[in-house]
C-alpha cells in the first residue's frame, strides 16, 4: 500500500477507521524528512495491513499545531484510534520496522487499562 496524504479534513476519520495508522509529519524543505520518505514508503509496501499517512506541515499548519509537532520529521503511530507512539527524528529502516512490530504486538486491553489508570490518577487530589 502506498502512503496517503492526510489533511485536517480526513486525519481523524483515517485514524478512527483503521486499526493501525502511522503518520509522518514532514516538510519539503526538511533534509531529514526527505531522507526518511523512501524508508517510510518502503515500509508501506511491506505492511499492507497498516495505513501510512503523511502530513505536510507547511500545508497543514493547523493540524501540525493541534498534534503539537515541534520538530520534523515526527512519526506518530495510532492503534485502534489511540496514540501509542510519537517520536521526532528520521528513523532508519530497521528502527521503523521495530516500531511497526511493536505497535502490532501491543495488548490494547492493557493499553486502555493504563490510560484509564492515568486518567483516574489525574483526578485525585493530594491529601493534606
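Each value in this text was obtained by applying a stated rule to the coordinates, not by laboratory testing. As the structure is a computational prediction, the values presented were derived from the model and not from experiment.
The table that follows gives values for the structure above.
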| read-out | value |
| --- | --- |
| Computed Rg/Rh of segment 52-119, alpha carbon atoms with Kirkwood Rh | 1.00 |
| The chain, relative contact order in percent, only Cα pairs under 8 angstrom and at least six apart counted | 29 |
| Folded to 0 to 90 degrees: helix 31-46 orientation relative to the chain principal axis, Cα | 80 |
| With Cα atoms, 0 to 90° folded angle of helix 108-123 axis to the chain main axis | 50 |
| Within the chain, helix-based [θ] at 222 nm, where runs of 4 or more DSSP H residues each add -39,500 (n - 2.57), nearest 500 | -13500 deg cm²/dmol |
| Rounded to 10°, Cα long-axis angle of helix 93-104 versus longest principal axis of the chain | 40 |
| Most mobile listed residue (60, 48, 110) in the chain, GNM with C-alpha springs under 10 Å | 110 |
